[in-house]
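Structure, as structure tokens:
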Amino acid sequence: MTHLLEIRNARRTFITPEGGHLAALDGINLDVGANEFVTLLGPSGCGKTTLLRAISGFETLDSGTMTLGGADLTALPPFRRPVNTVFQSYALFGHMTVARNVGYALEVAGVGKASREAQVAEALEKVGLAGMGARRPSQLSGGQRQRVALARSIIAKPRLLLLDEPLSALDRNLRQQMQLELKTLQHALGIAFIFVTHDQEEALTMSDRIVVMRSGHIEQIGTPREIYRHPKNRFVAEFIGETNLFPVTIDRVDGETALARTAEGVEMHLPSAGRKPGEQVTAILRPADFNLGPTGIPGTVTRAVYLGSDLYLFVQPQAGGPEIRVISRDGAGFDEGAAVHLAHDPARVHVLEAA
Amino acid sequence: MAMRRQSVVLGMLLTPVTLFLGVFFLLPLCIIAVFSFLSPGLYGGVEWSFYHWNYGRIFGWADGIIEIYEPIYLQILFRSLSFAALTVGLTLILCYPVAFWVSRLSERWRLVFMFLITLPFFSSLIVRLYAWLLILKPSGLLNTVLLSIGAISEPLEILYTPTAVVLGMVYVMVPFMFLPLYSAVDNLDRAQIEASLDLGANRLQTFLKVVLPQTLPGIMGGAVIVFIPSVGNFVVPDVLGGAKGLMIGNLVEQQFLSSRNWPFGSALSMIIMAVVLTVLLISASRARKAGGHA
């Protein structure tokens, strides 16, 4: 399978004001398919924005290669790359109308007025802003500006659209609506999207694949399900969603399941495949993976947070150790101070080799 | 009640400035306007009789004294306007790239540069112009250096030429052009430049379509602030300009101080004011059109 974008061993080092060196990109390898929605996810300073800017051409690589559809990108200035960007601040041209903003790429490419106007109308229609062309960006709401930025960046039919945290300035409801719209738009356009965010929920909702980054390198690449259910390490596990980590020692292996204990004596059941008694591993369980029932880890509810459909509980195990976070779907009757038992399906436990 | 009290307070606050401008600006202006239509007194001052030949001397209707009309005053006015326009153009070319450079400096170096730009204001204009005189004169610094490195074989005749006048005016006006330009350039949204490049515009297109329109208010502001004092400037041509460097400001000065023809000097002043006001109105309406929605 050939990829649209291929990045090999990309490196970029910045010199900090204190005179030190900071590896913003530390040997990045990434392939993006022609119709794929890829999210670069990571905390601020992980290099995700630098990687995006390297693709758009606003940042140069110290070494490494980057090809788009087989053609080398690294030597091209930004305005010659068949790639467009939706900027975090939108960067709309304040002195132009919405229509001229949207048609800018065509205007500078020398497309005739009639054809330009038709394409602008079509692009505005696509983002739900039909008839708004005569307005100025300053007369629009945040959500509308976002749509103008989107229309402007897709009008030249790029093969790859880069989105730099475009939803971060919107309120929650609008953000969720835009997440779904972006996904729909990406399917309709049939082009690749690379989306940068630090919001794991956003990444899980929209992506075909998620690239989790930390301090200049890639921690894990995978589908949202892979990343969520089978994180490769502690960092990914803790960064994506709420999680409970149990450093445990394997006690005995019993057919399909293995019994393990934390240092405090909390008992866990894990899949037995590959486990040996005495081995130290980390067991990962999501809050929704616990069942409140008659059996399981005994503990006391220390805090109960009402979330509408769910009840979010903090449970202190009787044996000791850190609190366990649990989501209960039918959470009636579990008040603070209640004694509970936390049961779990051994198959839901994800095991990290390192303790 | 509250509204009324507010307007009373506002009125009280505005009274001093209104009085000051009324007495020291509006009243003298009215006097000049009236004087421009009176006949000159024999030993200076004015005679209180209506006289339209002050304007006749400028625009060329029969003057009654001199039979042959020569448009010498219009020529001087035109020269002043051209010198002022040239000053605007040159200061703009000098300051625009520098404004970009300074806006990219670190906070500390920017402060240093700002201090340097305002440094000339700490000393007298006359003193600084005499320094230019020392630099430009035939045996001055410039010629000495150029002769000694062999760039020229005989001293350049710069002093007392129009070149010296424009050079001096550019020197005086650079800070006035730089400050509004810098503030416009500094407010420029860099992301918009990147957006333009990203959308396929090359650097020239980006400059013409994004950078220039966005900094236009600063350019217009700087141009007006430089143009107006340049038209009426008489100190620079007085010190650095010869007979060919005479500007309308010198002419007005002469009418009041040497020729003792106050009405004619007043008429010339009214003409300068009319021209400057026209320029202001045009640039204001342009600015409204360009930046009305910003």
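The values are calculated or read from the model by the stated rules, or taken from the named source; none is laboratory data. Here the structure is a predicted model, which is why all the values come from computation and not from measurement. Don't worry about glycine lacking a Cβ; one is built from the backbone with ideal geometry, like all the others, and counts go over all protein chains shown.
Numbers below:
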read-out	value
From the options B:L27, B:L111, B:L81, B:L21, residue that is under 30 Å from B:V275 (Cβ atoms), in the same structural domain as B:L280 (by TED's automatic domain parsing) and under 30 Å from the mean Cα position of the chain (by Cα)	B:L81
Failed item, numbered, when B:G150 is tested on (1) without any contact (Cβ under 8 Å) to a residue 40 or more places away in the chain; (2) part of a helix (DSSP H, G or I)	(2)
Segment A:213-223, residues that are modelled with pLDDT under 95 and either closer than 10 Å to A:T39 by Cα or surrounded by fewer than 18 Cβ atoms within 10 Å (Cβ to Cβ) (or both)	A:S215, A:H217
Criterion (over 25 Å from A:N35 (Cα atoms), out of contact with any strand residue (DSSP E or B) (no Cβ under 9 Å at 6 or more places or on another chain) and of a type in the set (G, A, S)) met by exactly one of A:G128, A:G110, A:G103	A:G110
Which listed residue is crowded, with 22+ Cβ neighbours inside 10 Å and not aromatic (F, W, Y), from A:V108, A:V83	A:V83
Some residue of segment B:124-142 being in a helix (DSSP H, G or I), more than 24 Å from B:G249 (Cβ to Cβ) and of a type in the set (A, V, I, L, M)	yes
Residue that is farthest from the chain's Cα centre (by Cα) [pool: residues in segment A:192-206 that are within 18 Å of A:T85 (Cβ to Cβ) and surrounded by 21 or more Cβ atoms within 10 Å (Cβ to Cβ)]	A:A192
Tabulated pairs, segment A:71-88, first of a type in the set (G, A, S), second at pLDDT below 95, C-beta under 9 angstrom, 6+ apart or interchain	A:A71/A:P82
Test: residue in segment A:274-285 that is under 16 Å from A:D345 (Cα atoms) and assigned by TED's automatic domain parsing to the domain that holds A:H198	no
Inter-residue pairs, beta-carbon under 6 Å, first more than 23 Å from A:R53 (Cα to Cα) and in segment B:196-216, second of a type in the set (D, E), 6+ apart	none
Residues being within 11 Å of another protein chain (Cβ to nearest Cβ) and either on the phi > 0 side of the Ramachandran plot or of a type in the set (A, V, I, L, M) (or both) - total across segment A:56-81	1
Count - residues of segment A:249-273 that are of a type outside the set (S, T, Y), over 10 Å from A:V349 (Cβ atoms) and part of a strand (DSSP E or B)	8
Top-ranked residue of segment B:241-260 - restricted to ones that are touching a residue at least 12 places away in the same chain (Cβ under 8 Å) and not in a helix (DSSP H, G or I), ranked as farthest from the chain's Cα centre (by Cα)	B:R260
Filter pass, A:A258 being touching a Gly at 6+ places or on another chain (Cβ under 8 Å), touching a residue at least 12 places away in the same chain (Cβ under 8 Å) and assigned by TED's automatic domain parsing to the domain that holds A:A339	no
The listed residue being at pLDDT below 90 and loosely packed, with under 12 Cβ neighbours inside 10 Å, out of B:G64, B:G60, B:G44	B:G64
Hits in segment B:35-59 (condition: in contact with a Ser or Thr (Cβ under 8 Å, 6 or more places away or on another chain), touching a residue at least 24 places away in the same chain (Cβ under 8 Å) and over 20 Å from B:L77 (Cβ atoms))	B:L38, B:S39, B:V46, B:Y51
Residues being among the hydrophobic types (A, V, I, L, M, F, W, C) and facing another protein chain (nearest Cβ under 9 Å) - total across segment A:82-105	7
Only one of B:L197, B:L188 that is within 25 Å of B:I93 (Cα to Cα), in contact with a Pro (Cβ under 6 Å, 6 or more places away or on another chain) and within 14 Å of chain A (Cβ to nearest Cβ)	B:L197
Subset of segment B:39-53 [of a type in the set (A, V, I, L, M, F, W, C) and over 29 Å from the mean Cα position of the chain (by Cα)]	B:L42, B:V46, B:W48, B:F50
Residues (part of a helix (DSSP H, G or I) and loosely packed, with under 15 Cβ neighbours inside 10 Å) located in segment B:95-112	B:P97, B:W101, B:E107, B:R108, B:W109, B:L111, B:V112
Some residue of segment B:223-240 being part of a helix (DSSP H, G or I), more than 22 Å from B:S82 (Cα to Cα) and assigned by TED's automatic domain parsing to the domain that holds B:L74	no
Verdict on B:A243 being aliphatic (A, V, I, L, M) and at the interface with chain A (Cβ under 10 Å from one of its Cβ atoms)	no
Residue tally, condition surrounded by fewer than 13 Cβ atoms within 10 Å (Cβ to Cβ), over 20 Å from B:C95 (Cα atoms) and either in contact (Cβ under 8 Å) with a residue 24 or more places away in the chain or over 31 Å from the mean Cα position of the chain (by Cα) (or both), over segment B:114-143	1
Condition check for A:G128: assigned to a loop (DSSP other than H, G, I, E, B), away from every other protein chain (no Cβ under 14 Å) and farther than 30 Å from A:A24 by Cα	yes
